[in-house]
Each structure stands twice: as C-alpha cells, then as structure tokens.
Amino acid sequence: MKRITFLVVCCLSLTLVKAQDPHFSQFYASPLSLNPALTGRFDGNFRLAANYRNQWPTINNAFTTATASIDMPIMVNRLPEFDTWGVGLIGLGDQSGNKILRNNYIGISTAYSKGLDEDGFHQLAIGFQGVYANKRLDVSLADFEDELTSFGFTGVTSEVFNNDQVVVNYFDLNAGILYTGSTNGYNNYYLGVSMYHVNKPKESFLGGDYFLQPRLTIHGGGYTPIDDNKTLHASIMHQRQAGASETILGGAISMNLNGEEEKPTAIYAGMWYRFNDAVIPYVGLEIQNFRFGLTYDVNTSSLSTASNSRGGTEMSIVYIYKPGDPLLKKNNCPKF
C-alpha cells in the first residue's frame, strides 16, 4: 500500500492528538532550533548551519525535515569586553505522509550574553525568537479510512473540506537561557534551558480550540582536550512536549590532523543514544571553517520491525567565518 492510512488519519486529527515538533538527532548542529540563547554564541564573524533528516525511509517518506540558519554577533566593539549580542535568521521545512502535510517556519532570533568574570571564562546568555508558521494539508493526496474497501481505495470519503489545500498560519514565540564556562580557556562546559511555543498558538485544520503545547528543552555538554591532538566532546538533551519526551546522550572524539588550533583539519567519531528508541553512530569532518556531520539512527524500539531497524539518516553542515582579525573577540563556546 503506497499510502499509510493510519498516518494520514493521525495528521488530519490534530484536534484530538498531541502534536510534536520536528527534531534532529544532531541537535547540536542546529543551534537556533535548540535554544534561542545560542544566537551569536560562536567564535567568528558569522555562522551558517544546515540539517537534513529523512526519518523512517522504509515507510514511504514518513518524515523529512530540513533547516538552515545564519547568525552573527553585532556591535562587537561597542559592548563590554566579554559581552556578545547576536542576531539570527532560521528557516525550517517539514513534510510527512508523503508530502500530504507540510510545515514551514521562518524565525528571527536575538540573544545577549553577559560576561560574569574578569577573564570572560563564565558567561550567561538570554535569547528570544519570533516565528511565523505556515502549515498546509493537501487533502487531494490523502486517503481516508472510510475510503478503504475490499477492492482498495474508492476515492470517496465522508470527510468534508472546503478546499483541497487546508492552511493554518500563526505567530510563535520562543525563549531560552544559556550558561557557558571554562576553567582555562581551552575547555568548555555549558547548560541551557529553552521553551518553544511560549504563547501556545492556536493550531487546527478542522476548527475547534487546539493549542500547540510548549516544548521544554534542557541541554548541556562540553569538551576537554585529551592530549595535543585529541579532544573529547559530550552532550545531552532532554525535551518534553504535551506528555511526550525524549532524551539523547552521547559523545565523540576528535583528532586534529594538521595540528592547527584556529583552522584545524579534524575527524570525529562517536555515538549518541536516544533512550528507548535508537542508537545513533556519528562521523564528522572539520576542514578549514567547515564541519560536516553524518548520523544514522538504528531503531531499537518496538517500531524496529516496521522500520527494519532504520530510524533515519541525518546530515549536517556548519560553516563559521573567521577572518583572523586580531581585534575580533574570541568566544569559548559550545560545539556539541
């Protein structure tokens, strides 16, 4: 069967079920969808980040998600020495049910980070993000439960829609806070909390009062050198929305191949684990100002039979422009 009736019915019944946001296994490579307080928190002039995820590919393109963002510090030489003010722009597109349901978001972020000590090793940031959301349901591509007969789909349904395209638009508000620290300027550790959908926007295709529930995320991690050429990275993320939750924990080791500190050529290898769901091997490559990441979810939950243990492929790329300006502030910031 080319279309999964149950999945479509679930998508059409958003007034009855608890929806969840799109999510990434490489959450650390999509900073503006993780925590608005990460806006401008990097060492460089500007940062580009992009992710693409294809989840459960064996179930007829069940979920595909892509996001891209750009952020940068502003007023660099007008703020106190260890303070940073960042602004950013993010776009996210998500489609499910073989393109029957499409979600598109565009958001503007800003965050201010305040130095807490005279060396700038400890900083506290607060950030906000405003988002315009567009959700579109293409009813012409959908099959409904009452269309199914012993001869297949009849193409006739009792569901009533005014148009083949059903659209919902709304404004969303997100906020977050982030603490970053270091003991010597060469290591880093951080802890952040964010909440998306603070205003609980109204979201329904079929009328009624369905409100998108807030998503609370707690995340942390850090890195520390093991020797002159190796660094240990680790991170954890827990989020909860409308009674659903997920926890991801793991880490990677990077090996610096050219010995340069500012523009290293490095390889990464590691693994994350999404509790009660999937093992997530990770490989990465850093060259010049680019960092590429690849993960493949190996499903370990009760869904492994339907998915053939294939949770999804995910790719990421992060580019940070560093002009080598000696007057540019150096930020010791989260990386994973």
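Here, each number is a calculation from the coordinates, and none is a lab measurement. Computed from a predicted structure; not experimentally measured. Cβ: placed from backbone, ideal geometry, glycine included. Neighbour counts: every protein chain shown.
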Run the quick spin-label model on Val198 and Ala66: label points 7 Å from Cα toward the beta carbon, then report their separation in nm to one decimal.
3.1 nm
For Asn134 and Tyr321 in the same chain, what is the full-extension length gain: residue separation times 0.36 nm, less their Cα-Cα distance, in nm?
64.2 nm
Give Lys263/Lys335; Lys135/Lys335; Lys114/Lys335; Lys230/Lys322; Lys114/Lys322; Lys114/Lys230 a once-over and call out the pairs whose C-alpha atoms are over 24 Å from each other.
Lys135/Lys335; Lys114/Lys230
If R₀ is 30 angstrom, what is the calculated FRET efficiency for the pair Ala244 and Thr224, using the beta carbon separation as r and rounding to 0.05?
0.35
So how compact is segment 179-279: Cα radius of gyration and Dmax in angstrom?
18.9, 60
If r is the Cβ-Cβ distance from Asn169 to Met255 and R0 is 41 Å, what FRET efficiency results, to the nearest 0.05?
0.30
How far apart, in nm, are two points set 7 Å out from the Cα along the Cα-to-Cβ line at Tyr189 and at Phe46?
3.5 nm
Any chance you could run the full-extension gain for Val279 through Leu116? It's 0.36 nm times the residue separation minus the Cα-Cα distance, nm to one decimal.
54.9 nm
